[in-house]
Amino acid sequence: MFKSSVQWKVVTMFVLIVIAIMMVFGISIKQQISSFYLNNFSEEISTAFSNDLTNQLNDAVLSGNPVKKINNILNTYSGRLGINSNRSYYVLSKKTGSVYSSDGNTTALDKTSNIISAMAGKVGSEVHSDDNFMDYAYPVGDYIVYIKDSKKEILNITQTMLVNVSQALLIGIIFAIVLGFIMSRTITRPILFMTKKAEAIARGRFDTKIDIRSRDEIGKLAKTFNYMTSVIKSSMDEIDQEKVKLETVLRNMNDGVIAFDDKQHIMFINPEAKTMLNITDEEEKEIVFDEYFKQFEVDICLAEMLYLDHFETISKDLTINGRFYKTYFASFKVDNTKSDGVVVVIQDVTESQRLEQSRREFVANVSHELRTPLTTIKTYAETLYDSSNDGDELKFLKVIIREVDRMTRIVKELLSLSSLDNGKLPIMKTNFELEDLVNDVVTKMKFQAEDSKLELSYTSMAKSPTIYADIDRIEQVITNIISNSIKYTAEGGKIDVFTGYLYNEAYIKIKDNGVGIPEKDLPRIFERFYRVDKARSREKGGTGLGLAIAYEIVKLHGGTITINSVFHEGTEVIIKLPVGENLNPIVSQEENTENSQKPIDK
Ligand code: ADP
């Protein structure tokens, strides 16, 4: 613990610095002492061997008993030559090799490079720092005056110096430890202080402030830390506010909202959802997404939503205790890599369903009531028409009969829509060939098309397998679509009918180059009474119910009907039907619609 602390690191650093300084200092002092002594020796000896001494030595060589004379001279000069216990002088005979010394030591000396030089007649004055002695050899006739210093003084001084340096080093290390400890505390104390404050902030205490006023890096860090705290605090406050707002909205909204996490458990549920689905607080924890919605026969799986249908909002219908709910499922994610859960929004549509139902019942009742009076009006109008000769009267009666016919058609279509809504339209399913049916319808309608000066053609693109459906209803749909094309295509236009088989579905395509439908009207085109150009529709005897009926019939057979159109260019209607008896067995309309809800707007 201590080893990894900043204090330990600072102390170690201080100690290492002291050791390094002392080592450099020690080595440099040692070298300086050594070179000072070498220089001093060379200078002292060469000064001593001045002309005066050398002349005297040369004279002594020429006299009798030169060794004694040389000895005497050197003795006289011993002060200048620095002769002491560490430095001696010797007189060596070149011929005999005998030795006369100042310290009485007459044992043979090692032949140093300086002695060899002197033997050759040259002054040997070289000194080397790595030798353990310093010497000087001066040739005088057959003799060599030899001065040798044992360097003991240098060694003594160096040793004393090393002892001093070691003591200083020890004191330095102690100082370094103490200073390092004190200095490091000035760094670590604010850090420890900040660590404690950071821990407090992590626990949510954002009012915590660090009070360090120094202007150094630590002071700057403390300032930045305080600033960061205030930024985090304001962000957290904002998040809290948003959370409160969102929760208030969710708690008070009329729709139910439930959020499930990716483990299928409830993360959030608002009171409205609890009431709608009758969920108690205890049940809330037990609910598992897949199992929960399976009990309402809603075919939805959380894993699929999270990993396959990322971006789709899935809409499902729920019926609970006689109430109808529209339910929307959407996955949500925090980052872009994976989904975090699914949000379910539940809308209670019971009231609008009931209103829609009573509206439909009303329309059905009115239509039913109108049937008999209309028949009566028509019968009387026709009788009057047959017996009248008055031109104006005949004109009025004709208008009456035409309008009664239109009203009768509307009533008939409203009644069949009502039967479709209530599942009461009888469906008689048989096997038949789609191509034969379409061919018959096209042949029948050719005259009508020719009357409007239109070209009507039929092409089979691919033979479809046998269709199992109510042939009359499918014929009704095709007839209606072709008659729309006839109604809304100008003279000289063209209507092409195709049949084919693609991806296990039979299709019928009716394409015209008529007036077309503006893009904005397309989404509402299958609504009841929705007409793009009311005047034109009325003039052509339209009711605005044909496409709504076609939509319901195709839906009842498990197929789809789509309409594509470009305004002023033409329209294309595609009806797709599943093929084969076993692929979509529709036994009766009641059975098919028993569990499904009625669409609201169609
Ligand atoms: P309608 O009895 O008025 O024809 P439909 O329900 O059959 O009623 O059609 C609804 C409306 O769609 C029509 O009023 C017309 O404006 C438009 N429509 C349908 N088919 C075509 C088509 N082939 N070309 C242009 N408009 C069309």
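Mind checking which residues of segment 469-492 are hydroxyl-bearing (Ser, Thr, Tyr) and more than 9 Å from the ligand (Cβ to nearest atom)?
Result: 479, single match.
Do you know which residues across segment 197-213 are open to solvent by less than 100 Å² (accessible area, probe 1.4 Å), more than 17 Å from residue 223 (Cα to Cα) and assigned to a loop (DSSP other than H, G, I, E, B)?
Within segment 197-213, just 204 meets the criteria.
Here is a yes/no grid of residues against (1) under 25 Å from residue 565 (Cβ atoms); (2) in contact with a helix residue (DSSP H, G or I) (Cβ under 8 Å, 6 or more places away or on another chain); (3) at pLDDT 95 or above:
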{"site": "415", "(1), (2), (3)": "no, yes, no"}
{"site": "424", "(1), (2), (3)": "no, yes, no"}
{"site": "452", "(1), (2), (3)": "yes, yes, no"}
{"site": "463", "(1), (2), (3)": "no, yes, no"}
{"site": "494", "(1), (2), (3)": "yes, no, yes"}
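Limited to segment 260-282, what total is found for residues that are part of a helix (DSSP H, G or I), of a type in the set (D, E, K, R) and in contact with a helix residue (DSSP H, G or I) (Cβ under 9 Å, 6 or more places away or on another chain)?
Residues in segment 260-282 being part of a helix (DSSP H, G or I), of a type in the set (D, E, K, R) and in contact with a helix residue (DSSP H, G or I) (Cβ under 9 Å, 6 or more places away or on another chain): 3 in total.
Do you know which of the residues in segment 289-311 that are over 25 Å from residue 349 (Cα atoms) and open to solvent by less than 60 Å² (accessible area, probe 1.4 Å) is modelled with the lowest pLDDT?
309
Mind listing whichever residues of segment 283-301 are acidic (Asp, Glu) and outside any helix (DSSP H, G or I)?
The answer is 297, 299.
Tell me which residues, restricted to segment 484-498, are within 15 Å of residue 545 (Cα to Cα) and surrounded by fewer than 20 Cβ atoms within 10 Å (Cβ to Cβ).
Across segment 484-498, the qualifying residue is only 487.
Tell me, yes or no, whether segment 312-319 has at least one residue that is touching a residue at least 40 places away in the same chain (Cβ under 8 Å) and either over 22 Å from residue 301 (Cα atoms) or open to solvent by less than 50 Å² (accessible area, probe 1.4 Å) (or both).
no
Report whether or not residue 277 is touching a strand residue (DSSP E or B) at 6+ places or on another chain (Cβ under 6 Å), modelled with pLDDT under 90, closer than 21 Å to residue 341 by Cα and open to solvent by less than 60 Å² (accessible area, probe 1.4 Å).
So residue 277 fails the test.
Within segment 511-527, which residues are in contact (Cβ under 8 Å) with a residue 24 or more places away in the chain and more than 8 Å from the ligand (Cβ to nearest atom)?
511, 513, 518, 519, 522, 527
Would you pick out the residues in segment 564-575 that are in contact with an Asp or Glu (Cβ under 8 Å, 6 or more places away or on another chain) and surrounded by 19 or more Cβ atoms within 10 Å (Cβ to Cβ)?
Result: 565, 570, 571.
Could you list all residues from segment 216-242 that are farther than 15 Å from residue 206 by Cα and open to solvent by less than 60 Å² (accessible area, probe 1.4 Å)?
218, 219
Which one of these is at pLDDT below 85, of a type outside the set (A, V, I, L, M) and in contact with a helix residue (DSSP H, G or I) (Cβ under 6 Å, 6 or more places away or on another chain): 367, 339, 331, 388? Let's see the steps before the verdict.
On the way: 367 fails: at pLDDT below 85; 331 fails: at pLDDT below 85; 388 fails: at pLDDT below 85.
Selected residue: 339, the only one of 367, 339, 331, 388 that is at pLDDT below 85, of a type outside the set (A, V, I, L, M) and in contact with a helix residue (DSSP H, G or I) (Cβ under 6 Å, 6 or more places away or on another chain).
Look at residue 26 and say whether it is open to solvent by less than 30 Å² (accessible area, probe 1.4 Å), touching an Asp or Glu at 6+ places or on another chain (Cβ under 8 Å) and at pLDDT below 90.
No, not satisfied.
Criterion first (open to solvent by 100 Å² or more (accessible area, probe 1.4 Å) and in contact (Cβ under 8 Å) with a residue 24 or more places away in the chain) does residue 254 satisfy it?
In short, yes.
Please determine whether any residue of segment 529-538 is open to solvent by less than 20 Å² (accessible area, probe 1.4 Å), within 20 Å of residue 560 (Cα to Cα) and without any contact (Cβ under 8 Å) to a residue 60 or more places away in the chain.
No, segment 529-538 contains no residue that is open to solvent by less than 20 Å² (accessible area, probe 1.4 Å), within 20 Å of residue 560 (Cα to Cα) and without any contact (Cβ under 8 Å) to a residue 60 or more places away in the chain.
Would segment 496-509 turn up any residue that is near the ligand (Cβ under 10 Å from one of its atoms) and touching a residue at least 12 places away in the same chain (Cβ under 8 Å)?
Checked segment 496-509: no residue is near the ligand (Cβ under 10 Å from one of its atoms) and touching a residue at least 12 places away in the same chain (Cβ under 8 Å).
Just one of 162, 170 is of a type outside the set (D, E, K, R), more than 27 Å from residue 68 (Cα to Cα) and under 60 Å from the mean Cα position of the chain (by Cα); which is it?
Values: 162 fails: under 60 Å from the mean Cα position of the chain (by Cα).
Of the residues listed, the single one that is of a type outside the set (D, E, K, R), more than 27 Å from residue 68 (Cα to Cα) and under 60 Å from the mean Cα position of the chain (by Cα) is 170.
When the residues of segment 541-562 are narrowed to those that are more than 7 Å from the ligand (Cβ to nearest atom) and closer than 25 Å to residue 490 by Cβ, which ends up most open to solvent (accessible area, probe 1.4 Å)?
Filtering first and then ranking leaves 562.
Count, please, the residues in segment 539-551 that happen to be in contact (Cβ under 8 Å) with a residue 60 or more places away in the chain and within 56 Å of the chain's Cα centre (by Cα).
7
The values are calculated or read from the model by the stated rules, or taken from the named source; none is laboratory data. Keep in mind the model is a prediction, meaning the values are calculated, not measured. All Cβ positions, even for glycine, are placed from backbone atoms using ideal geometry, and neighbour counts span all protein chains on display. Quick note on the areas: whole protein, heavy atoms, side chains included, nothing else; ligands and nucleic acids left out. Shrake-Rupley method; radii C 1.70, N 1.55, O 1.52, S 1.80 Å.
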